[in-house]
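These notes concern the structure reproduced below.
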Amino acid sequence: MSNFWDMPCTKIGAKRHTTAHYWRQAGNPPYEVDLVLDGFGGVSVGVEVKAASSVHYRDLAGLRALKSARGLDRGFLVYTGSEVQQLYDAVWALPVTALRSSAWAHTAPAKH
């Protein structure tokens, strides 16, 4: 049986192959990223989830290690705070409340 996090996903209506997985690099300390999405035309996106209301430099250790080890085009740190923050380059902190469907209620639906 294959690991759920390493199972390939297919973007609906697309011919590209995308994978979603957990990433871990051995070391002292070890580094990890909760979710890595590879695909979307060669783009790599890392998502780290923290149960904290503020963001600290140490919270980005996994995303920085991933970028150094194999590249990272965009990173997101989801946290319980209230502000969207650009942390560096292409890494952003997003409040978990931004992911609720009601947070997107004011946006127009995507046209297909």
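Quick notes
- Shape call, the stretch 17-104: gyration tensor on alpha carbons, a/c limit 1.5: oblate
- Other residues with beta-carbon under 14 Å from the beta-carbon of residue 75 carry, at +1 per Lys or Arg and -1 per Asp or Glu, a net charge of -2.
- Counting neighbouring beta carbons within 10 Å and listing from fewest to most, the residues 66, 60 come out as 60, 66.
- Taken along the Cα-to-beta-carbon direction at a fixed 7 Å, the label points for residue 70 and residue 85 span 2.8 nm.
Every number here is computed from the coordinates shown, using simple stated rules; none is lab data. Computed from a predicted model, the values in this text were never measured in an experiment. When we count neighbours, we look across all protein chains shown, and the Cβ atoms used for this are built from the backbone with ideal geometry, even at glycine.
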